[in-house]
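Single-structure report; data block below.
The values are calculated or read from the model by the stated rules, or taken from the named source; none is laboratory data. Fair warning: this is a prediction, and the values are worked out from it, not measured in the lab. Heads up, the Cβs are rebuilt from the backbone with ideal geometry, glycines too, and the neighbour counts pull from every protein chain shown. Side chains included, ligands, DNA and RNA excluded: accessible areas come from the protein's heavy atoms. Shrake-Rupley method; radii C 1.70, N 1.55, O 1.52, S 1.80 Å.
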Amino acid sequence: MKDLIIRPERCLGCRSCEIACAVAHSKSKSLFSALGEQPAPKKRIYVDCLPNLEISIPITCRHCEDAPCVSVCPTKALSQDEVTGIVSHNPDHCVDCWTCSMVCPRFLPLYQLILNIGCWTSSMAYNRGVISRQTDAGVKCDLCQGRDIPACVEACPTHALVFYELEEIPGTKIPETTSELTG
Amino acid sequence: MEQKENEKSMDSDSETMLKKVYEKSIDPASQTILLKAKQEGIETAWDRYEKQLPQCSFGQLGVCCRNCNMGPCRIDPFGEGAEKGICGATADIIVARNLLRTIAAGAAAHSDHARDAVLTFKKMSEGAAGSYAIKDEAKLLSLASEYGIPTEGKNREKVASELADALLLEFGKQTGSLLCTMRAPEPRLKLWTELGIVPRGIDREIVECMHRTHMGVDNNATHILLQGLRTGLSDGWGGSMIATDVQDILFGTPQPRMSTVNLGVLSRDKVNVIVHGHEPILSEMIVEAAEDTELLKLAQEKGAAGINIAGICCTGNETLMRHGTPIAGTFLQQELAVITGAVEAMVVDVQCVMPSLGELSGCYHTKFISTSPKADFPNTVRMEFHEEKAYETAKEIIRLAVENFPFRNPEKVNIPAEKQECMVGFSAEAILNALGGSPDPLIEAIKSGAVWGVGAVVGCNNVKIKHNYGHVNLVKELIKNNVLVVTTGCNAIACAEAGLLVPEASELAGEGLKAVCKALGIPPVLHMGSCVDISRILVLSSVLANRLGVDISDLPVAGAAPEWMSEKAVSIGAYVVSSGVFTVLGTVPPVLGSQAVTALLTRDLNNVVGASFAVEPDPFKAAALMLEHIDGKRKSLGLNSDR
């Protein structure tokens with residue numbers, strides 16, 4: 001299945017994805033008309049800054065059914081509400097092992113970037129922040145149901161967000177078992 | 001079987017191509033060339049527009065600020081993110097500041113054009129620009145008297161010299177207000193004075209805009225916008241008006257004449273030279289040099305049947321108005337003209353010239369010649385133009401074009417058949433002449449309702465609107481409802497291409513307007529000139545208002561810019577509305593990020609200057625808004641207001 005792939009090395013931090021996301025989830029679906037809507041349309045994607053990596057990155061959580069990040073989390077820092085399906089993150093239990101990012105296609109490229117740069121000081125903090133914010137708002141990425149291409153992908157001027165079959169992107173095959181993860 | 005299927009798929013391919021082409025322009029000549037471009041793999045503005053989509057939302061809303069290097073800052077229009085820039089500027093402040101800078105740029109373009117015209121005028125008066133002369137002595141004398149220059153016992157060059165000095169002073173004026181503002185009706189001038197928006201020096205207003213928008217200066221949206229109105233006025237009743245006046249003295253005040261427009265004016269067997277941009281200073285010389293016997297002989301030697309000059313944009317309008325030189329197209333047809341493969345030289349001066357022309361010309365034999373000391377482009381032949389050697393440079397340019405004729409590749413040539421007649425040259429003076437020397441017949445027609453009102457429709461092309469769709473439909477709708485239309489700029493060219501600038505077009509007008517047009521032998525749409533010539537519309541409005549003893553804002557008049565795109569258009573909008581004319585914009589200006597600025601422009605300005613803006617991309621709805629406004633003004637004047 002197609003999913004949103006994030007390519008942090010291309011993100012310029014313009015926040016076009018954020019506005020496009022809010023407009024796509026507004027009543028009118030048009031920028032100029034969405035401005036006056038009450039309640040104001042909510043975005044599901046957040047451009048966060050990673051100072052340690054000197055990059056910005058758009059982050060969005062789909063709160064997947066049977067979220068794989070939750071199942072691989074060794075410390076149960078990530079959990080999923082059985083009723084609402086909302087994934088939440090408990091920073092007190094998180095040990096920054098990044099295992100969750102390895103099973104989430106949206107974070108795999110970032111993880112690879114971190115491997116390449118060799119910067120391990122960056123933490124899950126921003127990721128956690130985004131998940132929490134979305135939990136508060138009760139809104140999540142639905143890949144823009146009813147559109148061929150998610151609005152954020154269409155809006156991204158540098159193609160930092162792409163919408164692909166996972167296997168179309170070299171090196172983005174998701175490890176299927178925990179043993180594969182640990183090699 | 002397989003081949004058949006191939007053919008079928010090719011058919012559907014070309015059908016899609018055709019459909020795409022029809023979506024871009026309503027003009028058949030442009031469609032023909034757009035199709036040629038597709039087939040030849042040539043990129044145009046429309047293709048580049050598609051690559052820009054979706055356009056940046058912050059930019060569209062005007063909430064991005066780059067005025068200091070703590071930024072760039074932007075405001076989240078949906079209130080989740082930043083509500084203020086680093087300095088604390090709100091969306092209102094940022095939008096207002098950006099708008100003011102846009103107005104300043106537009107006013108600067110018109111006014112700097114005017115300065116060059118005055119400098120040429122000055123050099124001419126001193127005998128340092130031998131190619132130029134005084135063509136309209138009556139206008140020289142009337143302007144001199146307006147500027148308080150005694151003319152008795154002086155030769156006309158001396159008068160011109162003193163007038164030029166007086167005009168130049170208007171740019172750097174440090175005390176008092178611009179003299180042209182005295183042409184406005186008394187109540188209007190009084191209103192401006194009370195509001196403190198009577199423009200002072202032309203350059204001063206623009207400089208002050210840049211100062212006010214510097215980090216940490218003017219941070220009140222209303223206060224900022226008042227300076228926007230004043231700067232606009234320094235353009236309309238300053239720079240633009242001076243440009244029109246001086247160009248009339250130097251090149252003649254336009255009088256009605258016939259000409260032709262659209263890509264079909266390009267010649268199959270003559271050397272085609274296009275003059276494109278905004279100033280008549282060089283193009284006047286080009287038109288003259290095209291009749292030079294030496295060059296005509298050279299053209300013959302090169303196998304050409306002659307030399308054909310055609311205009312694009314307002315340089316084209318200037319020579320069209322004064323000489324009937326044909327026009328090849330509007331702003332969005334500049335690339336299309338080159339793609340015909342029949343243009344030997346694309347000669348440009350300033351404003352609205354796409355830098356894409358450089359690379360594009362390289363795909364054909366066209367020489368892309370840039371002439372302004374201010375405006376260089378990629379891949380051009382630089383032939384800088386200076387007044388002292390004006391005619392010589394013009395001849396050199398034509399020579400280059402003629403020598404390029406043998407390189408025209410007949411296999412690449414496709415000149416569309418469309419070539420439309422038009423009647424042009426309606427300066428304010430010419431309109432009053434057509435009315436028998438007084439505005440009274442028009443006023444009587446307005447009073448009786450035969451002419452329901454006057455619509456001033458102007459402006460550019462914009463890829464966001466199907467080429468000429470906004471222009472032509474809006475104007476047709478107005479004349480159908482007996483609104484006499486005055487037009488300038490690319491709207492005028494679009495209307496000409498659609499056949500609205502011929503007396504016979506009165507058949508498309510309502511009964512009242514049709515009868516008036518037939519009686520006077522004029523079209524229902526009057527071409528008043530280039531974009532600086534919107535000043536002619538201001539003068540005409542003042543004449544009407546004065547005759548009726550009212551303000552411009554009391555007149556049954558409405559304005560529109562259905563396909564506007566340039567910063568100049570924003571400055572025009574500012575001065576037209578400040579002059580009291582309700583104006584409908586066809587594309588959304590980048591202000592919606594601020595509710596305060598939007599409310600001010602579209603509503604509250606009514607209480608300030610007696611007019612405001614509306615935004616309506618649909619030309620039919622835009623016409624309805626204008627008609628509704630005209631109805632209201634008729635009612636207030638005690639005229640029949642029941643259409």
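Do we find that residue A:41 is closer than 27 Å to residue A:159 by Cα, crowded, with 20+ Cβ neighbours inside 10 Å and more than 14 Å from the chain's Cα centre (by Cα) in this structure?
On the way: closer than 27 Å to residue A:159 by Cα: yes; crowded, with 20+ Cβ neighbours inside 10 Å: yes; more than 14 Å from the chain's Cα centre (by Cα): yes.
Yes: the conditions hold for residue A:41.
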> Any residue at all in the range B:113-125 that is within 17 Å of residue B:224 (Cα to Cα) and among the polar types (S, T, N, Q)?
Replying inline: no
> How about the range B:201-229: which of its residues are charged (D, E, K, R) and either surrounded by fewer than 20 Cβ atoms within 10 Å (Cβ to Cβ) or in contact (Cβ under 8 Å) with a residue 40 or more places away in the chain (or both)?
Replying inline: B:203, B:204, B:205, B:212, B:218
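Tell me, which residue of the range A:135-154 that is more than 23 Å from residue A:7 (Cβ to Cβ) and surrounded by 16 or more Cβ atoms within 10 Å (Cβ to Cβ) is modelled with the lowest pLDDT?
Step one: of the range A:135-154, the residues more than 23 Å from residue A:7 (Cβ to Cβ) are A:135-139, A:145-146.
Right, trim to surrounded by 16 or more Cβ atoms within 10 Å (Cβ to Cβ) and you get A:135, A:139.
Values: A:135: 57, A:139: 73.
Checked the range A:135-154; the qualifying residue modelled with the lowest pLDDT is A:135.
Please verify whether the range B:30-41 includes one or more residues that are in contact with a strand residue (DSSP E or B) (Cβ under 8 Å, 6 or more places away or on another chain), of a type outside the set (Asp, Glu), touching a residue at least 40 places away in the same chain (Cβ under 8 Å) and outside any helix (DSSP H, G or I). Explain how you work it out, then say what you get.
Taking the range B:30-41 as the starting set, the residues that turn out to be in contact with a strand residue (DSSP E or B) (Cβ under 8 Å, 6 or more places away or on another chain) are B:30-31, B:34.
Filter again for of a type outside the set (Asp, Glu), leaving B:30-31, B:34.
Checking the rest, the ones that are also touching a residue at least 40 places away in the same chain (Cβ under 8 Å) come to B:30, B:34.
Checking the rest, the ones that are also outside any helix (DSSP H, G or I) come to none.
Scanning the range B:30-41 turns up no residue that is in contact with a strand residue (DSSP E or B) (Cβ under 8 Å, 6 or more places away or on another chain), of a type outside the set (Asp, Glu), touching a residue at least 40 places away in the same chain (Cβ under 8 Å) and outside any helix (DSSP H, G or I).
Give the range B:334-355 a look and list any residue that's part of a strand (DSSP E or B) and over 20 Å from residue B:460 (Cβ atoms), or say none.
B:345, B:347
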> If only one of B:324, B:341, B:316 is farther than 30 Å from residue B:427 by Cβ, small (Gly, Ala, Ser) and touching a residue at least 40 places away in the same chain (Cβ under 8 Å), which one is it?
Replying inline: B:341
>> Tell me the residue from B:159, B:198, B:246 that is touching a helix residue (DSSP H, G or I) at 6+ places or on another chain (Cβ under 9 Å) and assigned to a loop (DSSP other than H, G, I, E, B), please.
In response: B:198
> Here are B:96, B:107, B:129: which of them is surrounded by fewer than 23 Cβ atoms within 10 Å (Cβ to Cβ) and touching a residue at least 40 places away in the same chain (Cβ under 8 Å)?
Replying inline: B:129
> Restricted to the range B:71-89, and to residues that are more than 14 Å from chain A (Cβ to nearest Cβ) and in contact (Cβ under 8 Å) with a residue 40 or more places away in the chain, which residue is farthest from residue B:219 (Cα to Cα)?
Replying inline: B:87
> Would you call residue B:117 surrounded by fewer than 24 Cβ atoms within 10 Å (Cβ to Cβ), in contact (Cβ under 8 Å) with a residue 24 or more places away in the chain, out of contact with any Lys or Arg (no Cβ under 8 Å at 6 or more places or on another chain) and of a type in the set (A, V, I, L, M, F, W, C)?
Replying inline: no
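Quick check on this structure: which one of B:415, B:446, B:369, B:397 is β-branched (Val, Ile, Thr), within 30 Å of residue B:138 (Cβ to Cβ) and open to solvent by less than 30 Å² (accessible area, probe 1.4 Å)?
Details: B:415 fails: within 30 Å of residue B:138 (Cβ to Cβ); B:369 fails: within 30 Å of residue B:138 (Cβ to Cβ); B:397 fails: within 30 Å of residue B:138 (Cβ to Cβ).
When all the criteria are applied, what remains is B:446.
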> Based on what the data block shows, is residue A:79 among the small types (Gly, Ala, Ser), surrounded by 14 or more Cβ atoms within 10 Å (Cβ to Cβ) and modelled with pLDDT under 80?
Replying inline: no
> Considering B:574, B:558, which residue is within 16 Å of the chain's Cα centre (by Cα), under 26 Å from residue B:313 (Cα atoms) and buried (at least 24 other Cβ atoms within 10 Å of the Cβ)?
Replying inline: B:574
> Taking into account only those residues within the range B:609-643 that are of a type in the set (Gly, Ala, Ser) and over 21 Å from residue B:551 (Cβ atoms), which is surrounded by the fewest Cβ atoms within 10 Å (Cβ to Cβ)?
Replying inline: B:624
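Of everything in the range B:130-139, what is assigned to a helix (DSSP H, G or I) and either basic (Lys, Arg) or touching a Leu at 6+ places or on another chain (Cβ under 7 Å) (or both)? Give them in sequence order.
Answer for the range B:130-139, where residues must be assigned to a helix (DSSP H, G or I) and either basic (Lys, Arg) or touching a Leu at 6+ places or on another chain (Cβ under 7 Å) (or both): just B:139.
What do you reckon, is residue B:524 under 26 Å from residue B:469 (Cβ atoms) and surrounded by fewer than 19 Cβ atoms within 10 Å (Cβ to Cβ)? Full working, then the answer.
Working: under 26 Å from residue B:469 (Cβ atoms): yes; surrounded by fewer than 19 Cβ atoms within 10 Å (Cβ to Cβ): no.
Taking the combined requirement at face value, the residue does not satisfy it.
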> Just a yes or no: is a residue in the range B:481-497 open to solvent by 30 Å² or more (accessible area, probe 1.4 Å) and not polar (S, T, N, Q)?
Replying inline: no
>> Step by step: first the residues of the range B:254-303, then only those that are touching a helix residue (DSSP H, G or I) at 6+ places or on another chain (Cβ under 7 Å) and of a type in the set (Gly, Ala, Ser), then the one that is surrounded by the most Cβ atoms within 10 Å (Cβ to Cβ). Which residue is that?
In response: B:283
> Out of all the residues in the range B:45-70, which are touching a helix residue (DSSP H, G or I) at 6+ places or on another chain (Cβ under 8 Å), more than 9 Å from every other protein chain (Cβ to nearest Cβ) and closer than 16 Å to residue A:13 by Cα?
Replying inline: B:63, B:64, B:65
> Residue check: is residue A:97 away from every other protein chain (no Cβ under 14 Å), over 23 Å from residue A:154 (Cβ atoms) and either open to solvent by 20 Å² or more (accessible area, probe 1.4 Å) or without any contact (Cβ under 8 Å) to a residue 40 or more places away in the chain (or both)?
Replying inline: yes
> Quick one: how many residues across the range B:248-280 are in contact (Cβ under 8 Å) with a residue 60 or more places away in the chain, among the basic types (Lys, Arg) and more than 22 Å from residue B:499 (Cα to Cα)?
Replying inline: 1
